[in-house]
Amino acid sequence: MTKTIDLDEQARDILKMNDRGGYTIPTKGLYPYQWNWDSAFAALGFAQFNCARAWAELETLFSAQWADGMVPHIVFHKADPGYYPGPDVWGGTGPIPSSGITQPPIAATMARLIFEKDQSLGEEHMRTLFPKLRRWHSWFMQWRLDQGAVCVTHPWEAGRDNTPEWDAPMARIDPTDVGEYVRRDTQHVDGSMRPTKYDYDRYIWLVQMGRRLHWDQQKLLDENPFRVADPTMTFTLLRAQRDLLAMGQMLGLDVDGIAEEIEILEQGAQTLWNPEIESFDARDAHSGEWANCVSNASFLCWYAGLDSEGQTKQLQRVLDKVQYGVPSHDPESDKFDGRRYWRGPTWAVMNLLIGLGLEERNHPLAERVRIATKTLIEESGFSEYFDPTDGSAAGGQGFTWTAAVWLSWAG
Ligand code: 9WN
């Protein structure tokens, strides 16, 4: 009991420590800016003790929304040389210096959860956020669909940077003209826990291409060799659209077209079912090839409101295989690496989304996912991610989103 109280306090302290006034950084040193989905999780964490601060987090994020509706994945409020690639490399064209890509759209869902805790002030904030969320979701619908599933155009967009799902599309990029650059991430954490130089050359090459094309979506659609229909984006957008529709109806706002978009996404989500491996999977939008990967994003189907017996079998299997699930990559695959970022480790934030979906659908595995997450944090603290085989801490420490997961769900 005492331990739990201490962890509550520690989690609140982490949020306060990473608060830069209106926005929260993921962790000091490694990630000194505002990240899109990290911020939405931070808002949910703040809502457990300070709803006004939670709304401010989302509003600051949306102050960086581009004219075309996109909400960038990093907002560079104040330059910091400790992170690469910074604002000058990205050349984002929004109102505040930013990256040129987006991240999983979970903000509408987090806003709804915050609204449910804050009915009095919440209505005013929701009314302000609603049209902005609507424009962001419409941007996805306009630019990112492949057979109704939502595509990523850079591995960083899905927030799962080096997952094996990108291996084949990444191999087609020739980054020989990428030039010299200095990575900063490996100065903060051990390189064995990070993506490799092979990955980084391609990440930076894609950024340079986007910048050259001034982040024009039509031009990127024509030129970008990396375009993958992804379960993270598809399931999170489907869920976000359902929440937006519910909020809009509740507040009597214009929800015209959202129900139709939900239908498109529902059909799109089904196109990500790979019958060969019997799992939701990523599909290369250029070649049509499957990634053939069971990842933690495959388990977001319940979060998106979709039941799946096949996916339940997969979840049971991977949870039986490692003690501290949900692993980001299949522990029976030869590409599984328990400490290398999105190639195996367990991420508390993904578990939160997976767990919420399972709980809402009264799934028998729901409690198992929550308890695994709670145990990880109790045993190894608020680290960025964890080794699913022994539960040890990995990556950055004092991490905002892990603290938010503790306060809002796992603790
Ligand atoms: C690139 C901040 C972000 C998360 C991502 C995670 C990692 C960045 C990086 O850190 O990505 O966006 O430099 O590695 O993969 O999910 O939002 O915590």
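Key figures for this structure:
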| read-out | value |
| --- | --- |
| Members of region 209-243 found to be under 30 Å from Asp307 (Cα atoms) and of a type outside the set (A, V, I, L, M), listed by number | Phe226, Arg227, Asp230, Pro231, Thr232, Thr234, Phe235, Thr236, Arg239, Gln241, Arg242, Asp243 |
| Filtered residues of region 319-329 (kept if under 21 Å from the mean Cα position of the chain (by Cα) and surrounded by fewer than 24 Cβ atoms within 10 Å (Cβ to Cβ)) | Tyr324 |
| Gly355 being open to solvent by less than 10 Å² (accessible area, probe 1.4 Å), part of a helix (DSSP H, G or I) and farther than 17 Å from Glu165 by Cβ | yes |
| Selection from region 376-405 of residues that are more than 16 Å from the ligand (Cβ to nearest atom) and assigned to a helix (DSSP H, G or I) | Leu376, Ile377, Glu378, Glu379, Ser380 |
| Among (1) within 16 Å of the ligand (Cβ to nearest atom); (2) under 20 Å from Ala410 (Cβ atoms); (3) open to solvent by 10 Å² or more (accessible area, probe 1.4 Å), the one test that Ala372 misses | (1) |
| Number of the condition not met by Thr186 [criteria: (1) without any contact (Cβ under 8 Å) to a residue 40 or more places away in the chain; (2) more than 22 Å from the chain's Cα centre (by Cα); (3) within 15 Å of the ligand (Cβ to nearest atom)] | (2) |
| Tally, over region 131-155, of residues that are open to solvent by 10 Å² or more (accessible area, probe 1.4 Å) and closer than 29 Å to Gln48 by Cα | 4 |
| Single residue of Ala168, Ala108 found to be crowded, with 24+ Cβ neighbours inside 10 Å, of a type outside the set (D, E, K, R) and part of a helix (DSSP H, G or I) | Ala108 |
| Residues being over 16 Å from the mean Cα position of the chain (by Cα), closer than 19 Å to Gly100 by Cα, within 13 Å of the ligand (Cβ to nearest atom) and not hydrophobic (A, V, I, L, M, F, W, C) - total across region 24-79 | 1 |
| Residue count, region 376-396 (criterion: open to solvent by 40 Å² or more (accessible area, probe 1.4 Å) and more than 18 Å from Leu15 (Cα to Cα)) | 3 |
| Some residue of region 287-309 being more than 19 Å from the chain's Cα centre (by Cα), outside any loop (DSSP other than H, G, I, E, B) and either crowded, with 23+ Cβ neighbours inside 10 Å or hydroxyl-bearing (Ser, Thr, Tyr) (or both) | no |
| Flag for Gly86 being farther than 25 Å from Ser408 by Cα, touching a residue at least 40 places away in the same chain (Cβ under 8 Å) and not acidic (Asp, Glu) | no |
| Identity of the residue in region 225-277, in a strand (DSSP E or B) and open to solvent by less than 10 Å² (accessible area, probe 1.4 Å), that ends up farthest from Trp156 (Cα to Cα) | Asn274 |
| Meets criteria (in contact with a strand residue (DSSP E or B) (Cβ under 7 Å, 6 or more places away or on another chain) and free of Cβ contacts under 8 Å to residues at least 24 places away in the same chain) for Ser298 | no |
| Residues that are buried (at least 19 other Cβ atoms within 10 Å of the Cβ) and modelled with pLDDT of 95 or more, drawn from region 176-204 | Tyr200, Arg202, Tyr203 |
| Residue match in region 4-13 (condition: surrounded by 22 or more Cβ atoms within 10 Å (Cβ to Cβ) and within 16 Å of the ligand (Cβ to nearest atom)) | no |
| Which listed residue, of Ala56, Ala67, Ala79, is open to solvent by 20 Å² or more (accessible area, probe 1.4 Å), at pLDDT below 95 and either small (Gly, Ala, Ser) or under 26 Å from Arg134 (Cα atoms) (or both) | Ala79 |
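So that you can scan it fast, the table gives a plain yes or no per residue for (1) part of a helix (DSSP H, G or I); (2) within 16 Å of the ligand (Cβ to nearest atom); (3) among the basic types (Lys, Arg); (4) at pLDDT below 95:
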| position | (1), (2), (3), (4) |
| --- | --- |
| Tyr84 | no, yes, no, no |
| Val89 | yes, yes, no, no |
| Gly100 | no, yes, no, no |
| Gln103 | no, yes, no, no |
| Trp156 | no, yes, no, no |
| Arg160 | no, yes, yes, no |
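The values are calculated or read from the model by the stated rules, or taken from the named source; none is laboratory data. Here the structure is a predicted model, which means the values were calculated and not measured. Because the Cβ atoms are built from the backbone with ideal geometry, glycine has one as well, and the counts that use them run over all protein chains shown. Quick note on the areas: whole protein, heavy atoms, side chains included, nothing else; ligands and nucleic acids left out. Shrake-Rupley method; radii C 1.70, N 1.55, O 1.52, S 1.80 Å.
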